[in-house]
Each structure stands twice: as C-alpha cells, then as structure tokens.
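Working notes for the structure below.
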Amino acid sequence: MIGLPAGVTACLFDLDGVLTSTATLHRIAWKQTFDGFLATWTEGEREPFTDHDYNAYVDGRPRADGVRTFLASRAIRLPEGEPDDAPDLATINGVGNRKNDLLLRLIDERGIEPYPGSVAYLEAARAAGKRIGVVTSSANGEHVLEVAGLTPFIEARIDGVTIVDQRLRGKPAPDSFLAGARALGVSPGEAAVFEDALSGVEAGRAGGFGYVVGVNRADQADQLREHGADVVVDDLAELLDGAK
C-alpha cells in the first residue's frame, strides 16, 4: 500500500532533499563557500559555483569528497589537511569545515521543515510495518532529524560521522546504504532506497537494492532514471496516491 514491490521490508531514506528541504541550505552554503574560496585563489579555473556543479560534483557526497571533486573540476588541488582544520585553511578539510559552519548558521537562522509528503510517507511506511533508516552523507544527520521532528520514525541512522568512523566509501559507492541495510537486519534486496541525488541513486543501483526511488527535487527526472532509479516522483506522496 506504499508503492513498493512485494518483498521490500525496509526503507532507506536519504535526508537532505528527500525528507527535509535542507538540500536548499546545503546548496547555498556550498555556493558561498566555493565562490569565496575561488575569489581568493590564483590557480586553476575560477568560474563561480553553479547548480550544475552542485548536482554533478557535490550533491549526496561526503563533505570532503564534494570539496575534492568540485575543485578537481576547476583543476585545483589542495592538501587534505586534518578533520579539525580551521575553516580559513586552504585544505580540503578546511574548505569543508567552512561550508559546515555556514550550513549550521543557515539552519539556526531559517530552521528545518520536513516535506509534508515525506512525513505522510514515513507514517504510512511505519503503519505498514516497514523498517525505516536514514542514510545521509551529512555529518549533521542527527541534528537535522531532531530539529525537523523526524527522529521518532528512524530506527537506524548512517551519516557522515558513521562514514568516517567505519571508513566507508561515500556515494556513489553503495557502502553507506549497505551499512544501513545491515543496521536494520535486512538484505539489500529487501530494502528500497529513496534518493534525490544522482550519486545516491547510482549507489542504490550499485548495491543491488530491491527498489530505487528517485525524488526529483532539481528538475532532473531523466538523469535520475539514467543513473538507475526504478521510479521517479516529484514528492513521496505520489507513491501513496499510486498505491490506492
């Protein structure tokens, strides 16, 4: 009754852009961070950060991977640095920490609202007896879930902290979703992946999951299908409408 194939007993949701609108805040924080960095850098290509850059190089990836991948697209290489690098350091971790500081400030200023259709879907999934987990590359997953009021729905959380602690490869590798399935005690074939990022959809397909739902928040329905989505919806409530 929730638009999933028979045999799927668990749901693994990306967070930003699938359950909450924080993807918009991530996009703003990345743009401010990268544009500010490029304005002070003298090497490589320094065109401003665009929506295409967000979707192609950053969306869905762990923070350091996003920094590394975007800067490589501009022919810029930085030292890795350390995870606790100051935000003003010209290292991969420094730039990433600058972005995180901006993101937390935006969350404090604007708050976080879950998508109503996603809340309705979580309620329906729970009522249908499905196991529910969140798999996000964000190190702020616990905080975002709490602020958005979604923590009571979630049985397992794999986030950016888990990815570092367990040395998992970030999306588009399937490692984080596979960890989510293990945390819920199900096989990949018994779980559905819900993703708005191309890298996340690709990870769901690469992991052999039972169903991959692409959530089209960025007008990229065709690309979501090309990267492996079994179905693409603009809002999770459409899955409930289709199941009636």
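Based on the Cβ-Cβ distance of ALA90 and SER187, what FRET efficiency does E = 1/(1 + (r/R0)^6) give at R0 = 41 Å, to the nearest 0.05?
Numbers: r = 44 Å, r/R0 = 1.07.
Taking R0 as 41 Å, the efficiency between ALA90 and SER187 is 0.40.
Under the criterion of Cα pairs below 8 Å and six or more residues apart, the relative contact order for the stretch 56-164 equals 20 percent. Result for the chain in a Gaussian network model with C-alpha springs under 10 Å: among ASP51, ASP59, ASP165, the largest mean-square fluctuation is at ASP165. The charge dipole of the chain, taken about the Cα centre with unit charges on the Cβ atoms of Lys, Arg (+1) and Asp, Glu (-1), comes to about 440 debye, rounded to the nearest 20. Restricting attention to the chain, close to 5% of DSSP beta bridges with both partner residues there are antiparallel. In this structure, GLU109 and ASP35 have a Cβ-Cβ separation that, at R0 = 22 Å, corresponds to a calculated FRET efficiency of about 0.70. When you count the other C-beta atoms within 10 angstrom of each residue and take the mean per peptide, 193-199, 21-27 line up highest first as 193-199, 21-27.
Evaluate Rg over Rh across the stretch 43-124, taking Cα atoms for both radii and Kirkwood's formula for Rh.
Working: Rg = 15.7 Å, Rh = 14.5 Å.
On the Cα set of the stretch 43-124, Rg over Rh gives 1.08.
At q = 0.12, 0.14, 0.20 Å⁻¹ the log10 of I(q)/I(0) for the stretch 141-225 amounts to -0.36, -0.50, -1.00, computed by Debye summation with a single uniform scatterer per C-alpha, solvent ignored. Full extension of the segment from GLU146 to ASP234, taken as 0.36 nm per residue of separation minus the current Cα-Cα distance, would add 29.2 nm. A simple packing score, the average count of other Cβ atoms within 10 Å per residue, orders the peptides 60-68, 232-240 as 60-68, 232-240, with the highest score first. Candidates GLY210, ASN93, LEU19 compared by Cα position along the dipole of the chain: farthest toward the positive end lies GLY210, with charges placed on Cβ.
As a calculated quantity, the FRET efficiency between ALA120 and HIS52 at R0 = 45 Å, using C-beta atoms, amounts to about 0.90.
How many percent of the alpha carbon pairs in the chain exceed a separation of 30 Å? Could the numbers behind the result be given before it?
Working: 6606 of 29646 pairs.
Tail fraction, whole percent: 22.
Remark: spin-label model distance ARG77-VAL161 equals 3.4 nm, labels positioned 7 Å along the Cα→Cβ axis.
Each reported figure results from applying straightforward, stated rules to the coordinates on display, with no laboratory input. None of the values given here were measured: they were computed from a predicted structure. Cβ sites come from the backbone with ideal geometry, for glycine too, and all protein chains shown count toward neighbours.
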